[in-house]
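Enquirer: Below: one structure in structure tokens.
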Amino acid sequence: MRSGWLGGGAASAARRRPLALGLAVLALLATLARAVTITALARAGWWFAAEKILIAAPLSLAAVAVAGPRLLRAPGDIRSVAVALLFAGYAQSAALLVTLLHGYPASAGVGLLAVAGVLAATAVSWLALGARPSRTMSRVALGLAAAALVTGTGLVVAPGAAPGVPHAHADRDARTVGEPTRRFTLTAATATVRAGGRDVAAWAFNAQVPGPELTAAVGEVIEVTVRNRDIDRGVTLHWHGYDVPNSQDGVPGVTQAAVLPGQEFVYRFRADQVGTYWYHTHSVSDVGVRMGLYGVLVVHPAPVTGVDVTVPVHTLAGRALPEPRTEAVGAGVPVRLRLINTDSTTHRYALAGAPFRVAAIDGSDLRGPTSLVDTAVQIPAGGRYDLVFTAPATPVALFVDGRAVYSTGPVSAVTAAWPVLDPLTYGVSSPVPWPRFDRRFTLVLDRGLDLHGLLPRYAHTVNGAADPDISPQVVRLGDVVRFTIVNRSPVVHPWHLHGHHVLILSRNGRPATGSPLRWDSFDVRPGDVWEVAFRADNPGMWANHCHNLAHAEAGMMLHLMYS
Ligand code: C2O
Ligand code: CU
């Protein structure tokens with residue numbers, strides 16, 4: 001319909017009357033049809049109707065109002081409708097640009113900028129076509145365009161739309177948790193490590209990727225000293241999925257300063273949560289984690305019986321980790337595979353050769369998990385699944401994206417066509433433990449132009465803003481908080497809230513009917529709408545971000561704070 005208007009304008013400028021009329025009528029019909037659709041979608045509760053109604057609709061209406069009557073009057077010189085048709089075309093192109101560049105939510109500033117662009121383009125066309133009475137008119141149009149441009153820019157660039165997050169924090173003492181019973185030292189340094197049969201340059205803890213596996217029994221006090229030898233961009237340790245006191249959370253600029261070369265920092269916390277977790281640097285996390293600054297954290301409920309294997313999947317310099325491993329396991333032995341996705345994208349895992357259950361996700365045991373066969377699981381960036389099975393007499397193998405990474409003997413299986421488990425319908429439900437919600441927040445994940453920094457950038461945004469301009473979410477200790485997370489962008493956003501686990505309520509309007517799911521990492525796919533809730537029981541300032549770490553660095557990060 002845009003091209004209809006623009007084409008009609010061009011044709012009439014060239015005095016091709018039938019063509020101009022044809023294209024313009026088509027464009028008119030398309031615009032009206034679209035208005036009907038959008039109205040219907042808005043009625044049906046479509047999430048993104050607002051911007052269409054606020055910006056695209058008025059511009060389209062103006063386009064029709066200007067171009068329509070002139071067409072109907074069928075003037076002698078078809079050229080006289082050219083500007084009107086072009087105006088309509090510009091108006092709709094502007095609406096499209098707003099949708100692509102700005103995204104959600106629509107704002108007055110952006111609307112004014114769109115109007116400025118349309119007026120300027122119309123005035124220029126007017127001058128170019130050189131009709132005589134157009135001089136004054138085009139000056140007026142240019143004047144209006146300039147005014148809209150200045151006001152719009154002012155509104156868009158103005159700081160303070162979001163209260164700044166206080167990024168400077170006084171160092172807080174680690175919560176007194178008693179004498180450590182497990183002590184570790186992790187030294188971060190540049191290193192050369194083996195990956196996929198090659199030597200690759202990495203950033204490593206204790207010269208290995210992944211870093212040392214940290215294990216403890218539930219209730220122990222863990223103390224980890226991190227030292228930085230030569231990572232110029234600094235390191236910290238964030239305990240992904242572990243709800244430590246805020247001062248131990250390892251977010252530079254929020255809970256501590258980054259540990260620079262020659263410095264160290266000591267973390268201490270009680271291992272109260274059982275299960276599979278991981279740690280990683282949170283300083284320039286996109287680069288740092290990708291280069292290898294991560295490792296596994298496992299807290300056992302009791303002495304380990306049977307076979308207990310961690311499978312931290314990572315892509316290091318384009319090579320898939322871990323290296324494949326085979327070990328014989330006697331028939332009847334219980335096996336637990338702790339699958340961990342430390343990449344920024346989703347991975348698909350398939351266990352062939354034995355029925356299995358998903359015993360836990362993100363460290364939380366599932367309720368009543370049933371036995372699965374020939375079923376794959378999809379783990380979001382940062383997520384963990386524990387698969388358990390009893391070793392049969394025949395071999396079993398775990399495939400990650402089709403590659404065997406762990407096996408008890410030779411297995412050939414084609415797993416690509418297996419269905420993927422939907423955890424929202426797996427296991428046995430129990431009622432939501434809260435009668436009401438004290439606070440609700442909506443996060444709309446999107447892309448958009450960010451004009452607040454030194455250079456404009458095409459950022460990953462939340463509610464139309466990019467870090468550090470996204471309003472923090474303020475809660476009080478004890479609140480039950482409900483988040484609605486909506487993905488308006490064309491890419492997956494693995495969502496991750498620090499310091500808390502969220503209970504999954506629903507996805508795309510369908511309530512979760514399986515085992516209660518308490519997650520710290522979940523994939524919000526394009527078009528998805530998730531409802532999740534948690535109790536605000538861990539005071540502090542917490543990062544809340546996309547765990548595609550490149551997205552987080554490109555703006556998709558905000559904070560949860562306690563008042
Ligand atoms: Cu695993 Cu803020 O991240
Ligand atoms: Cu993302």
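Enquirer: Out of the trypsin sites (Lys or Arg not before Pro) in the range 387-476, which ones are loop residues according to DSSP with at most 11 other C-beta atoms within 10 Å?
Expert: Those satisfying the criteria are ARG436.
Enquirer: Determine, for VAL432, VAL118, the number of other Cβ atoms within 10 Å of each Cβ, and report the residues in order from fewest to most.
Expert: VAL432, VAL118
Enquirer: Using just the Cα positions, wrap the range 307-421 in a convex hull and report its mean projected area in square nanometres, one decimal place.
Expert: With the hull built on Cα positions only, its mean projection is 6.7 nm².
Enquirer: Tell me the Rg and the Dmax, in Å, that the Cα atoms of the range 439-562 produce.
Expert: Rg and Dmax of the range 439-562, Cα atoms, are 14.1, 48 Å.
Enquirer: Another one. Rounded to the nearest whole Å³, what is the per residue volume of the convex hull around the Cα atoms of the range 466-511?
Expert: 123
Enquirer: For Cα pairs less than 8 Å apart in space and 6+ apart in sequence, what is the mean separation divided by the residue count of the range 439-562, i.e. the relative contact order in percent?
Expert: Contact order relative to length: 32 percent.
Enquirer: Compute the distance in nm between two label points, each set 7 Å from the Cα along the Cα-to-Cβ direction, one at ARG15 and one at LEU477.
Expert: Each label point lies 7 Å from its Cα, and together they span 8.3 nm.
Enquirer: When N counts the residues of the range 166-304, how does its alpha-carbon radius of gyration compare numerically with 2.2 N^0.38 Å, as a ratio?
Expert: It is 1.03.
Enquirer: Using packing as a proxy for protection, rank 416-429, 269-282 so that the peptide with the highest average count of other Cβ atoms within 10 Å comes first.
Expert: Averaged packing, sorted descending, gives the order 269-282, 416-429.
Enquirer: If you place +1 on the Cβ of every Lys and Arg and -1 on the Cβ of every Asp and Glu, how big does the dipole about the Cα centre of the range 307-421 come out, in debye to the nearest 20?
Expert: 40
Enquirer: Right, here's the next one. When you take every Cα atom in the range 240-374, what is the radius of gyration, and what is Dmax, the widest Cα pair distance, in Å?
Expert: In order Rg, Dmax, the Cα atoms of the range 240-374 give 17.2, 51 Å.
Enquirer: Give me, ordered by chain and number, the residues 5 or more places off ALA381 or on other chains with an amide H under 5 Å from its own placed amide H.
Expert: Amide H to amide H, under 5 Å and 5 or more residues apart or across chains, ALA381 pairs with THR346.
Enquirer: Oh, and also: Please list, ordered by chain and number, the residues whose modelled amide H lies under 5 Å from the amide H of VAL311; skip anything fewer than 5 residues away on the same chain.
Expert: ARG338, LEU339, ILE340
Enquirer: Evaluate the relative contact order of the range 200-339 (contact order divided by residue number), counting alpha-carbon pairs under 8 angstrom at least 6 apart; express in whole percent.
Expert: Contact order relative to length: 28 percent.
FYI, it's all coordinate maths here, none of it is from the lab. None of the values given here were measured: they were computed from a predicted structure. Neighbour counts are summed over all protein chains in view; Cβ atoms, including those assigned to glycine, are modelled from backbone coordinates with ideal geometry.
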